[in-house]
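This report refers to the structure that appears directly beneath it.
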Amino acid sequence: MIKYVIIGIIFLGLGGAFFLQKRHEKKQASELARRQQEAFQKAHASAPVPHPVSQRLPQTTLTPMLAPTPKPRPTPMLPKPTPMLQRSP
């Protein structure tokens with residue numbers, strides 16, 4: 001009888017932990033959706049004021065492009081024969 005009580009308590013405990021985890025996940029998902037909705041509304045609330053391009057972008061200097069690296073050569077599938085295993089003349 002004690003074994004059944006212990007198994008029942010473990011089963012109910014795991015079920016409760018699973019329930020609390022799912023409830024926490026739903027709460028996080030709703031908070032994330034709310035934050036995304038607020039960010040979307042904030043981004044589209046007013047049209048941005050156009051600024052000249054020179055004021056928005058920092059001065060950039062041209063950097064030379066690096067030469068592309070050569071492709072690696074494929075390695076042979078079989079190892080090179082060792083001198084001990086070659087035929088003797």
Table column - 3J(HN,Hα) (Hz), the stretch 35-43, Karplus curve with 6.51, -1.76, 1.60, x for Gly and Pro: 5, 5, 5, 5, 5, 5, 5, 5, 6
Under 28 Å from residue 27, Cα to Cα: lysines that are on another chain or at least 8 residues apart: 42
³J(HN,Hα) computed for each position of the stretch 11-25 - Karplus, 6.51 cos²θ - 1.76 cosθ + 1.60, integer Hz, glycine/proline x: 4, 5, x, 5, x, x, 5, 4, 4, 5, 5, 5, 5, 5, 5
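Where a number appears in this text, it was derived from the coordinates with a stated rule and is not lab data. Everything numeric here is computed off the predicted structure, so don't read it as measured data.
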